[in-house]
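The values are calculated or read from the model by the stated rules, or taken from the named source; none is laboratory data. All values derive from a computational prediction rather than experimental measurement. Note that each Cβ is placed from the backbone with ideal geometry, even for glycine, and that neighbours are counted across all protein chains shown. The area values use the complete protein model at the heavy-atom level, side chains included, leaving out ligands, DNA and RNA. Shrake-Rupley method; radii C 1.70, N 1.55, O 1.52, S 1.80 Å.
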Amino acid sequence: MAANAQGGARGSADAPAPKKNAFVAYPTAQASAAAGDPAQRNEWVPRIDGVAVLLLTTLCAFTRLYQIGKRAAVTWDESHFGKFGAYYINRTFYHDVHPPLAKMLVGLSELLAGHNGTFGFKGDYPPHVNYTFMRVFTALFGIGLVPLAYLTCHQLGLRRRACVLAALFVTLDNGLCVMSRFILLDEPLLFFTAASLCSVAGFQNTRHRAFSAEWWRWLLLTGASLGLVSSCKWVGFLAVALVGLYTIEELFKMFTERTPGMVVVRHIAARVLCLIVVPLAIYAMCFKIHFAVLNRSGPGDAKMPPAFQARLRGSALSHQPFTVAYSSRLTLRSMHSGSGLLHSHAHRYPEGSQQQQITCYGHSDSNNDWIIVKPVDGSGSTNNSSTSSTSSNDDGSNSMAEPLESVRHGDIVRLMHNSSKSMLHSHRAHAAPVTTRDYEVTAYGKLEWKDANNNWRLEIVSEQGTANTGELHAITTQFALRHVVTGCLLSAAAVQLPEWGFRQTEVTCRKASAPSAATLWVVEKHVNSRLPKEDLRPKVKSSFFRDMVQLNVEMARSNNGLVPDKDKYTHLESDPWTWPFLLYPMRLLGSWNEGDIKYYEVGNPLLWWASTCCCILLPLRLLYHFARRQRRQQGVWSASELQHYWDVSKLLWGGWALHYLPFFLMGRVTYIHHYLPALYFALLLLAFEIDQWTRRSCPHALQGATVVAWAAAALAVFCWFAPLTFGYAGPIEALRHR
C-alpha cells in the first residue's frame, strides 16, 4: 500500500527533498515544535511532555502499588515463578517451558529481598520472606509501561492529548493492573514488548537520516528489546515478527524506488547485525547466565543430556564407573530429544505379539535398569561365545565373580530388564504399533534361553569424552544397537504411544543401515560394585550451544504438552475468541469464601470493547480511504495524511494482530492473560483513533472535552471494578452486579 511512499509521519530539516510523486511528511504539533527549537529537536520527549509523563507515571504507580501486599499468601502462579526464583538463590537446576530472563529477574528480586531460598512458595508467606518487595519489583515493569506508551505515541506523531490518553488507558485497565501486582512473568514480558514497539517507532522516525547516530541508536535499541522480550517468553517472538514484517516492507520500498545497490546492501547488513545478531546474542547470553548460575543438580536434570548432568554439582552421574563391563547395571538414554530412558514394565502390547512393552520414559524409575550380558553358547554368535552364567545382583555385580571384561565396539550383547528378568527382543513377525514401517521391540525370553532374536551388536558411533579406546564408556560414548537377525537399529524417535502405553515414547527397531539421532544411545548411569567410581567431570565434554538447543527443544515439548482437557471444566482456561470481548474473566485463586482476599482478572470493559471495535474496523477503514483516493473523490485524505495513518496503524494494528491471531493456531491451554500483549497495542490504537476522529469530526472547542470525557469514563469504570483489582475480602455476593 505504501510502496511509493517517500515521506513519513515526521520530517527533518536535513532530510532529502521528496520526489515529485512521493508522499510528503505529515505535520504534527510535536514535529513542528521540534523543528523550530534545536534544543527540543535532540530530545526524545520535549520538556513539557516530561511533566505529563511524570504525573501519569505517578498515577500508574499508585494503581500498581496500592495495597500490593494485602494478601499474605502465595497467589496463583506465584507458586511456580516464585519457586523458580528460589532455584536461582539455591543455584539448583530446574526445567520450565519459558526462557530464563524473566525468571532470573524474579530470582534477582528475591535476592534483593533477602530471601534465603528455603521457602517453597506454598501457602502463607512466612515472616522472613519479604514478598511485598518481590511484588513491588515486578510491578515496576508494569509502571514502566506508561512512559513507554507516551513515548511511543509521541514517536508515532500523535498529538500530546492522544499521548496522554494512551498512557491513561494503560494505567486504567484493570486487567493490566491486577497482573502487575504479583510475582509473575507477564510484566517483564509486557515491558520489553512495549520497549520493542517504542524502539521501532523511533527508528521509523529516523528513516530519512539513515546511518546517523540517532538512526543507529534506535536500530540497536530495537534489536536489544527484541532479544530481551524473546528471552522472557516465546510469545516475544511475535514482536520479532512485527519488526521483521516492517523491515521487509522497508527494504521492498527501497527496491521499488530503485535505491542504489550498495546502499541497499548497507541497509541489509545493518539490519542483520542489529535485528538478528544482537537479539540472538542476548538470547544466548541469558541461557549462558542461566547455566552458570544453576550449577547444582536439581529437578530439571533429566531434561538435559547426560554430559550436562555429569558436570552439575551433586549429580549422581558425576561419580560412577567409567568403563562399562559385562554384568553391569545400566540405564540407557536415547540421544533423540524428548525420547527419554529405555524402559519396560509389566504391561503387554494389546496387539501384535502381545509381549511385554518396551518404551522410553523421561523420569527416574527402577524399570529403567538393564543388565548387559553376553549371548548364550550356541546362539550363533561369532564374537563372544562365553556365557554369563547367572544373573546379576541388585548392585550390578556378577554373583559368580567372573573376570571383569569390558564391553567393546562390535560385541554382540544382550540386555536383561532388571525388574522382570526379560530380555530386550525384536523380530520380523510383527510391526511396531505406531511406526508400522519398523519392527516391534519387546521384552521377551529368559537369560538362559538360546534365542538369537535377543542378540544385539553394539556399534560405537562417537566418543564425546577424552578417552577413545574402543570401549563402551558411561556418559561419553554414543552407540547404536543393531539387531543381529534383522539388521535393524534400536530406535526411539519421540513418537508417543496411545493410552495403553501410558503416553510414553515408542521404541522400535528401525530398518536403517546408518545410525541417526533416533538410533543413538548413551549409558547414563552405570552401577557395578566391582569397578571403582571415578570423577567423570574431567572426562566429559559439554557444548554450551548443544546444551542450549537441547533445552529449547525440551521447552518446546513441555509447552506442547500443555493441552486443555475438553472434558474437564475449569474457571481458569478460556478460548482466544472470547478475549477481546471479555467474556470469561479469570479468578486468581480458587476459594472465594468470605474473608478470603479475592482477585479477578477482569479488564476495563470500556477499553477492551472500544479497542476491539477499532481493531476489527481498522482494515475496513483503511480499505475505504484507499478506495476513495483511487476514485479521486472530494474530501479524500491527502497523500501525507494517508501515509501517516498507514505508518501508525501498521505498527499498532499489526502488533495487535500478530500478538492475538496466532493463539488460534496453538494447541496448548490458553488463558485470558495471554491477550495482554495484544491489548497493549489495541489501547494505543484506540487512543490514535480517538485522536483521528476528534481531529477530523469535532469542532476545535470540543476536541479537548472529548478527550477528557474518554479519560473520565475510563477512570469511572476502573474504580467500579477496583475492589477485585486491589483485593476484596467481603462476601462476593456484594459485587455480583459487577
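Of all the listed residues (A166, A113), the sole one being modelled with pLDDT of 95 or more, of a type in the set (A, V, I, L, M) and surrounded by fewer than 22 Cβ atoms within 10 Å (Cβ to Cβ) is A113. Note on segment 150-175: residues that are under 28 Å from the mean Cα position of the chain (by Cα), over 19 Å from A712 (Cβ atoms) and of a type in the set (A, V, I, L, M) total 1. The residues listed here are A712, A701, A705; of these, the one that is without any contact (Cβ under 8 Å) to a residue 40 or more places away in the chain, farther than 25 Å from H644 by Cβ and open to solvent by 50 Å² or more (accessible area, probe 1.4 Å) is A712.
Scanning segment 522-536 for residues that are touching a helix residue (DSSP H, G or I) at 6+ places or on another chain (Cβ under 9 Å) and open to solvent by less than 40 Å² (accessible area, probe 1.4 Å) returns V522, V523, E524, L536. Could you please tell me which pairs satisfy a Cβ distance under 6 Å, a separation of 6+ or placement on different chains, a first residue in segment 190-219 that is touching a residue at least 60 places away in the same chain (Cβ under 8 Å) and under 21 Å from Q643 (Cβ atoms), and a second residue that is of a type in the set (A, V, I, L, M, F, W, C) and assigned to a loop (DSSP other than H, G, I, E, B)? The qualifying pairs are A201/L156; H208/A15.
For segment 349-385, taking the residues that are open to solvent by 50 Å² or more (accessible area, probe 1.4 Å) and within 24 Å of H409 (Cα to Cα), the one that is modelled with the lowest pLDDT is identified as T382. Reported count of residues in segment 650-679, each being hydroxyl-bearing (S, T, Y) and at pLDDT below 95, is 2. On inspection, L607 qualifies as at pLDDT 85 or above and in contact with an Asp or Glu (Cβ under 8 Å, 6 or more places away or on another chain). No other residue among Y624, Y671, Y680, Y645 is open to solvent by 40 Å² or more (accessible area, probe 1.4 Å), touching a Leu at 6+ places or on another chain (Cβ under 9 Å) and among the hydroxyl-bearing types (S, T, Y) apart from Y671. Report, ordered by the first and then the second residue, all pairs with beta carbons closer than 9 Å, sequence separation of six or more or different chains, a first member in segment 46-70 that is at positive phi and exposed (fewer than 14 other Cβ atoms within 10 Å of the Cβ), and a second member that is of a type outside the set (G, A, S) and outside any helix (DSSP H, G or I). Qualifying pairs under 9 Å: Q67/R181.
Number of residues in segment 206-240 that are open to solvent by 40 Å² or more (accessible area, probe 1.4 Å) and assigned to a helix (DSSP H, G or I) equals 10.
For the structure I just gave you, tell me whether A269 is surrounded by fewer than 19 Cβ atoms within 10 Å (Cβ to Cβ), assigned to a loop (DSSP other than H, G, I, E, B) and over 25 Å from the mean Cα position of the chain (by Cα). No: the conditions fail for A269.
For first residues located in segment 293-306 and more than 18 Å from Q478 (Cα to Cα) and assigned to a loop (DSSP other than H, G, I, E, B), partners that are open to solvent by less than 40 Å² (accessible area, probe 1.4 Å) and among the β-branched types (V, I, T) and lie 6+ apart or on another chain with Cβ distances below 8 Å form the pairs L294/T92; S297/T92; G298/T92; P299/T92.
Cβ-Cβ distances below 9 Å connect the following pairs, each with a first residue in segment 423-437 that is under 17 Å from P498 (Cα atoms), a second residue that is exposed (fewer than 14 other Cβ atoms within 10 Å of the Cβ) and of a type in the set (F, W, Y), and a separation of six or more residues or different chains: P433/W500. Once segment 221-259 is narrowed to residues that are among the aromatic types (F, W, Y) and without any contact (Cβ under 8 Å) to a residue 60 or more places away in the chain, the residue that is nearest to V106 (Cα to Cα) is F237.
Search segment 275-310 for residues being surrounded by fewer than 21 Cβ atoms within 10 Å (Cβ to Cβ) and of a type in the set (G, A, S), and hand back the single one that is nearest to L447 (Cα to Cα). Result: A302.
Taken residue by residue, segment 250-265 has at least one member that is open to solvent by less than 30 Å² (accessible area, probe 1.4 Å) and within 32 Å of the chain's Cα centre (by Cα). The single condition among (1) part of a helix (DSSP H, G or I); (2) hydrophobic (A, V, I, L, M, F, W, C); (3) open to solvent by less than 10 Å² (accessible area, probe 1.4 Å); (4) under 29 Å from A86 (Cβ atoms) that F182 does not satisfy is (1). Could we say that G175 is part of a helix (DSSP H, G or I) and under 30 Å from K122 (Cβ atoms) here? Considered against the rule, which asks whether it is part of a helix (DSSP H, G or I) and under 30 Å from K122 (Cβ atoms), G175 comes out as yes. For segment 537-553, indicate whether the set of residues that are open to solvent by less than 50 Å² (accessible area, probe 1.4 Å), over 30 Å from R668 (Cβ atoms) and touching a Lys or Arg at 6+ places or on another chain (Cβ under 9 Å) is non-empty. Checked against the condition, which is being open to solvent by less than 50 Å² (accessible area, probe 1.4 Å), over 30 Å from R668 (Cβ atoms) and touching a Lys or Arg at 6+ places or on another chain (Cβ under 9 Å), segment 537-553 yields at least one hit. Residues of segment 485-517 that are crowded, with 24+ Cβ neighbours inside 10 Å and of a type in the set (G, A, S): S491, A492.
In segment 311-325, the qualifying residues are those that are open to solvent by 20 Å² or more (accessible area, probe 1.4 Å) and in a loop (DSSP other than H, G, I, E, B), and the one that is farthest from A493 (Cα to Cα) is G314. Among the residues of segment 125-144, the ones that are assigned to a helix (DSSP H, G or I) and either open to solvent by 10 Å² or more (accessible area, probe 1.4 Å) or touching a helix residue (DSSP H, G or I) at 6+ places or on another chain (Cβ under 7 Å) (or both) come to 12 in all. Between Y88, Y150, the distinction of being aromatic (F, W, Y), buried (at least 24 other Cβ atoms within 10 Å of the Cβ) and under 30 Å from P279 (Cβ atoms) belongs to Y150 only.
Are any of the residues in segment 81-93 farther than 30 Å from G314 by Cα, of a type outside the set (F, W, Y) and touching a residue at least 12 places away in the same chain (Cβ under 8 Å)? Scanning segment 81-93 turns up no residue that is farther than 30 Å from G314 by Cα, of a type outside the set (F, W, Y) and touching a residue at least 12 places away in the same chain (Cβ under 8 Å). When R408, R482, R437, R414 are checked against the criterion of being over 38 Å from the mean Cα position of the chain (by Cα) and open to solvent by 10 Å² or more (accessible area, probe 1.4 Å), a single residue qualifies: R408. Note on segment 554-571: among residues that are outside any loop (DSSP other than H, G, I, E, B) and open to solvent by 50 Å² or more (accessible area, probe 1.4 Å), the one that is modelled with the highest pLDDT is R557.
A single entry from L642, L620, L686 fulfils the requirement of being without any contact (Cβ under 8 Å) to a residue 12 or more places away in the chain and outside any loop (DSSP other than H, G, I, E, B): L620.
Of all residues in segment 329-348, those satisfying the criterion of being farther than 15 Å from M423 by Cα and either open to solvent by less than 10 Å² (accessible area, probe 1.4 Å) or part of a strand (DSSP E or B) (or both) are R333, S334, S339, G340, L341.
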